[in-house]
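A quick write-up on the structure given underneath.
Only the coordinates and a few stated rules stand behind these numbers; no lab work does. Predicted, not measured: the structure shown is a model, and the values here were computed from it. No Cβ is skipped: glycine too gets one built from the backbone with ideal geometry, and neighbour counts run over all protein chains shown.
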Amino acid sequence: MLRTLVLIIVIFTSLICSAQILNVEKSRISGDSANYFLGSAGFDFSLYDRSVTSEDQIIYTNLGLNVDLAYISENHLYLNITKLKYKTATGSKPIRAGYTHFRANFMWVKPLSHELYGQLQFDGGRGMDFRGLSGGGLRLRIAQTPSFNLYAGLGAMYETEEWRHPNIDTLITNNQLKTSSYISTRLKLSDTFDFNLVAYYQGGNDADDQIFRNRLNLDTNLLLKISELLTFSASFSCAYDAQPVVPVQEFIYTLNNGIMLKF
């Protein structure tokens, strides 16, 4: 196990050292230049021992990886977002979750453009062994100024899910065609205030169970510069699945916030 962890650190350290900061939605709004790459990568690892005795060992392991990549050409925009996490403690079930999302936005500088996308995802803690989806649609620029933008998207996707039932040892597969729509906005009042929000809605009728399954995802980020020394950052993401394939919690969320001191 230790050798594997060391190998992972060596591989991803090179990504971190050469990375630049990227916010995917921000990369969409500037058409002043073209044919360039943007990217950011972050890797975190912690291993700590809270054992009471040598016979009763409790060791915690945390791994995390975040990679954002974009290529902006004169007419098209290509994005990839990857997030992985692994958490475990001696005697407990490991938590493994992650996804990678690829999106191509064709003729992205026009008010009406079109997109194709695909995603692979897993969440072992909730019993989702696999989720794969692919789709496409239209992207409409509703408003755009130097300090504000608003976009809306409408399309369709095909989704395959594999879930483990929490009460019985059974793998349940669900294949479904769904509509997929979203709204995206960014508000940048000055160098001190930057806020962006993306909300997705996906829904469709399950042909096998005759159940209308719909899902809502929300992702928000706030950056507030308090002073030359202090910056406050906060992010909130949540998902609501009204009709999950197996009986799991319908609403889940993640909240992160903190203050950064620069001197």
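Assessment of the range 130-138 against the conditions (within 20 Å of I81 (Cβ to Cβ), in a strand (DSSP E or B), of a type in the set (D, E, K, R) and free of Cβ contacts under 8 Å to residues at least 40 places away in the same chain) yields at least one matching residue. Restricting attention to the range 226-263, the residues that are closer than 30 Å to N205 by Cα, hydrophobic (A, V, I, L, M, F, W, C) and without any contact (Cβ under 8 Å) to a residue 40 or more places away in the chain total 5. Among the residues examined, S180 qualifies as buried (at least 16 other Cβ atoms within 10 Å of the Cβ) and polar (S, T, N, Q).
Residues in the range 192-246 that are in a strand (DSSP E or B), over 20 Å from S180 (Cα atoms) and charged (D, E, K, R): D194, K225. With respect to the conditions (1) within 16 Å of the chain's Cα centre (by Cα); (2) aliphatic (A, V, I, L, M); (3) more than 18 Å from G125 (Cβ to Cβ), A239 lacks only one, and its number is (3). Please find, among E74, E115, the residue that is surrounded by 15 or more Cβ atoms within 10 Å (Cβ to Cβ), in contact (Cβ under 8 Å) with a residue 40 or more places away in the chain and either in contact with a helix residue (DSSP H, G or I) (Cβ under 9 Å, 6 or more places away or on another chain) or not aromatic (F, W, Y) (or both). Exactly one residue qualifies, and that residue is E115.
Candidates in the range 134-174 are the residues that are of a type in the set (S, T, N, Q) and surrounded by 13 or more Cβ atoms within 10 Å (Cβ to Cβ); of these, the one that is farthest from Q210 (Cα to Cα) is Q144.
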